[in-house]
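Following: one structure in structure tokens, then a few remarks.
The values are calculated or read from the model by the stated rules, or taken from the named source; none is laboratory data. Note that this is a predicted model, so its numbers are computed, not measured. Heads up, the Cβs are rebuilt from the backbone with ideal geometry, glycines too, and the neighbour counts pull from every protein chain shown. Ligands, DNA and RNA are excluded from the accessible area calculation, which covers all protein heavy atoms including side chains. Shrake-Rupley method; radii C 1.70, N 1.55, O 1.52, S 1.80 Å.
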Amino acid sequence: MPVATIKVIEGVFSRDQKTQLIEKVTEAMIEVEGEDMRHLTWVLIEEVKQGDWMIGGVAPKPKVKE
């Protein structure tokens, strides 16, 4: 069972944007794996709370979408 996990900052992406990410990553995986693997291919989005991660010791300040 192929699994892709995408981690994003909580609240940055709308539900529609997350759906688009899942659909596009699924399609990319199917291009490599083949159509027979579609029903076994999982794409997960994990939201990480702002402040729970840093880049180079600095917390990024994302633009939150409504």
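With a 1.4 Å probe and every protein chain kept in, tell me what percent of the accessible surface of the chain is carbon plus sulfur.
Heavy-atom surface of the chain belonging to carbon and sulfur, 1.4 Å probe: 55 percent.
Multiplying the sequence separation of LYS24 and ILE6 by 0.36 nm and subtracting their Cα-Cα distance, what value in nm do you get?
Result: 5.3 nm gained on full extension.
Near LYS49, which aspartates and glutamates are there with a Cα under 14 Å away, not counting those fewer than 8 places off in the same chain?
List returned: GLU10.
Sorted by accessible area with a 1.4 angstrom probe, largest first, how do ARG15, ARG38 fall?
The residues order as ARG15, ARG38, largest area first.
What order do ILE22, ILE55, ILE30 take when sorted by accessible area (1.4 Å probe), most exposed first?
ILE55, ILE22, ILE30
So what does the Cα-only Debye profile of the chain read at q = 0.18, 0.19 Å⁻¹, as log10 I(q)/I(0), no solvent term?
-0.73, -0.78
Excluding ligands, DNA and RNA, what is the solvent-accessible area per residue of the chain at a probe of 1.4 Å, expressed in Å²?
Here the per-residue accessible area is 79 Å².
In the chain, what percentage of the DSSP-assigned beta bridges are antiparallel, given to the nearest 5?
Counting only bridges with both partners in the chain, antiparallel ones make up about 10 percent.
Can you figure out the FRET efficiency of SER14 with ARG38, using R₀ = 25 Å and their beta-carbon distance, to the nearest 0.05?
The formula returns an efficiency of 0.50 here.
Using just the helices of the chain, give the 222 nm mean residue ellipticity in deg cm²/dmol: DSSP H runs with n ≥ 4 each add -39,500 (n - 2.57), and the total is spread over all residues, rounded to 500. All intermediate terms of the calculation are to be shown ahead of the outcome.
Details: 1 runs with 19 residues, N = 66.
Rounded to the nearest 500, it is -10000 deg cm²/dmol.
Per-residue accessible area for ASP36 at 1.4 Å probe radius, Å² rounded to 10?
130 Å²
What is the set of long-range amide H partners of ALA4 at a cut-off below 5 Å, with H atoms built 1.01 Å from backbone N?
Excluding prolines and chain starts, which carry no amide H, the hits are TRP42, VAL43, LEU44.
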